[in-house]
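*Asks:* Here you go, one structure.
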Amino acid sequence: MRLRLLALGLLLAGCAGTPSAVLPLAPGTATAPVDFPVTAVPRPIVLIGPPWVQLEGVGSEEEKVAAGNGRFTFTGGEPAVPGLVPVELPDGPATVPLIGVREAVDAVNALSEDGPQGPPLELVSAELGTAEFRTDRGGLVLPAWRFRSSFGSVWAWPALTPEAFWKLGQVGFSTHHAATFDGVELVVQLPDPGPPCPGEEPAVSEPVVTEGAAFVTVGLRTTGGGAGNCARDASYRSKPYTVKLKEPLGARLLVDEHNGVIPVAVQ
């Protein structure tokens, strides 16, 4: 999984300014988040996708190959690490400690410790700034170590300590997304079975919701429809489904049938 997450980071190169452009982990790779600390204050940050993102790229093929090896080395001067810093989280403000540059580089390398062992990509400088990361509650601007590579590209890693996150770099996520106005009624984008083949009855789909203490699962039950043997295009189709929960979603995770985390936008 670690190597897969790093690969996702490379696929996002050049798109890091738009954190919504993410790809899912393979179905079934995530496990039910029964251990999510739903009562913790502040609520742990649930980062969706890779925490190592490219903010600026120069398009060098040589750099792409080096970055694809998943190994990085830092040769610049190490900036001082500030003490506690204030951060605005989805559930309110918090004050958190930061990690240093070396810890950040070690964490990046740990993502692909079992991957290719080619020459590492050299990171020549680092400065503390901010970067936007995609979470299960929308885009979140966090303190980040911003590294410049020997090719001139800029990469970022969140500067908060790992304790501020839930399973940093390990969260399986979904292609679906949801929105809520009151936390009880959710509008979830789920697969659309599409039009029936000629002469067949259309399939009927309805959402299925299972609520737990730490997470809420939203799946889809489809009935009817024929064999579907007519020619179809390969386009992925989805449509919104409205579901009502017994209790407000609150700090709980919203997940799909494969336990991939579904991001929720609070309107």
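The values are calculated or read from the model by the stated rules, or taken from the named source; none is laboratory data. Note that the coordinates shown come from a computational prediction; the quantities given were computed from them, not determined experimentally. In this analysis, Cβ positions are derived from the backbone assuming ideal geometry, glycine residues included, and neighbour counts consider all displayed protein chains.
*Asks:* If you scan region 90-109, which residues turn out to be under 30 Å from V38 (Cβ atoms) and touching a Lys or Arg at 6+ places or on another chain (Cβ under 7 Å)?
*Replies:* P90, D91
*Asks:* Then there's this: Any idea which of G224, G212, G219, G250 is more than 25 Å from the chain's Cα centre (by Cα), surrounded by 10 or more Cβ atoms within 10 Å (Cβ to Cβ) and not aliphatic (A, V, I, L, M)?
*Replies:* Matching residue, one of G224, G212, G219, G250: G224.
*Asks:* Further question on the same structure: Where the second residue is outside any loop (DSSP other than H, G, I, E, B) and modelled with pLDDT under 85 and the first is closer than 13 Å to P193 by Cβ and lies in region 207-234, which pairs have Cβ atoms under 8 Å and are six or more apart or on separate chains?
*Replies:* Matching pairs, first to second residue: T222/A203; T223/A203; G224/A203; G225/A203.
*Asks:* Just wondering, is there one or more residues in region 195-204 that are part of a loop (DSSP other than H, G, I, E, B), without any contact (Cβ under 8 Å) to a residue 12 or more places away in the chain and either touching a Lys or Arg at 6+ places or on another chain (Cβ under 8 Å) or not assigned by TED's automatic domain parsing to the domain that holds P50 (or both)?
*Replies:* yes
*Asks:* Right, here's the next one. I'd like to verify a number: residues in region 120-179 that are assigned to a strand (DSSP E or B), of a type in the set (G, A, S) and surrounded by 20 or more Cβ atoms within 10 Å (Cβ to Cβ), how many? Show your work before the answer.
*Replies:* Step one: of region 120-179, the residues assigned to a strand (DSSP E or B) are 121-136, 138-149, 154-158, 160, 165, 173, 177-179.
Keeping just the survivors that are of a type in the set (G, A, S) gives 125-126, 129, 131, 138-139, 144, 149, 156, 178-179.
Narrowing further to those that are surrounded by 20 or more Cβ atoms within 10 Å (Cβ to Cβ): 126, 131, 144, 149, 156, 178.
So the answer is 6.
*Asks:* While we're on this one: Which fully enclosed strands (runs of 3 or more DSSP E) of region 218-267 have 3 or more residues being modelled with pLDDT of 90 or more and not acidic (D, E)? I'd like the intermediate steps shown before the answer.
*Replies:* Working: elements: 238-244, 253-255, 264-266.
The strands (runs of 3 or more DSSP E) meeting that bar are 238-244, 253-255.
*Asks:* Using beta carbons and a limit of 8 Å, which pairs, at least six apart or on different chains, have the first residue in region 64-86 and at positive phi and the second one in a loop (DSSP other than H, G, I, E, B)?
*Replies:* Matching pairs, first to second residue: G70/L111; G70/S112; G70/G115; G70/P116.
*Asks:* Applying the selection to region 99-108, what residues are out of contact with any strand residue (DSSP E or B) (no Cβ under 6 Å at 6 or more places or on another chain) and touching a residue at least 24 places away in the same chain (Cβ under 8 Å)? Walk me through it before giving the result.
*Replies:* Step one: of region 99-108, the residues out of contact with any strand residue (DSSP E or B) (no Cβ under 6 Å at 6 or more places or on another chain) are 99-100, 102-103, 106-107.
Within region 99-108, I99, R102, A107 meet the criteria.
*Asks:* Taking the stated definitions as given, is R237 under 21 Å from W166 (Cβ atoms) and either touching an Asp or Glu at 6+ places or on another chain (Cβ under 8 Å) or touching a residue at least 12 places away in the same chain (Cβ under 8 Å) (or both)? Spell out how you get there, then give the answer.
*Replies:* On the way: under 21 Å from W166 (Cβ atoms): no; either touching an Asp or Glu at 6+ places or on another chain (Cβ under 8 Å) or touching a residue at least 12 places away in the same chain (Cβ under 8 Å) (or both): yes.
For R237, the condition - under 21 Å from W166 (Cβ atoms) and either touching an Asp or Glu at 6+ places or on another chain (Cβ under 8 Å) or touching a residue at least 12 places away in the same chain (Cβ under 8 Å) (or both) - is not met.
*Asks:* Filter region 253-262 down to the residues that are within 16 Å of K167 (Cα to Cα) and of a type outside the set (G, A, S), then identify the one that is surrounded by the fewest Cβ atoms within 10 Å (Cβ to Cβ). Write out each step before concluding.
*Replies:* Narrowing region 253-262 to residues within 16 Å of K167 (Cα to Cα): 253-255, 259-262.
Checking which are of a type outside the set (G, A, S) leaves us with 253-255, 259, 261-262.
Details: L253: 22, L254: 25, V255: 27, N259: 20, V261: 26, I262: 23.
Ranking the candidates gives N259 first.
*Asks:* Here are P143, P195: which of them is farther than 26 Å from E62 by Cα and in contact with a Gly (Cβ under 8 Å, 6 or more places away or on another chain)? Talk me through it step by step, then tell me what you get.
*Replies:* Working: P195 fails: in contact with a Gly (Cβ under 8 Å, 6 or more places away or on another chain).
Checking each option against the conditions leaves just P143.
*Asks:* If you don't mind, another one. For region 211-244, which positions are under 14 Å from V184 (Cα atoms) and in contact with a strand residue (DSSP E or B) (Cβ under 6 Å, 6 or more places away or on another chain)?
*Replies:* Hits for region 211-244 are F215, V216, T217, V218, Y241, T242, V243, K244.
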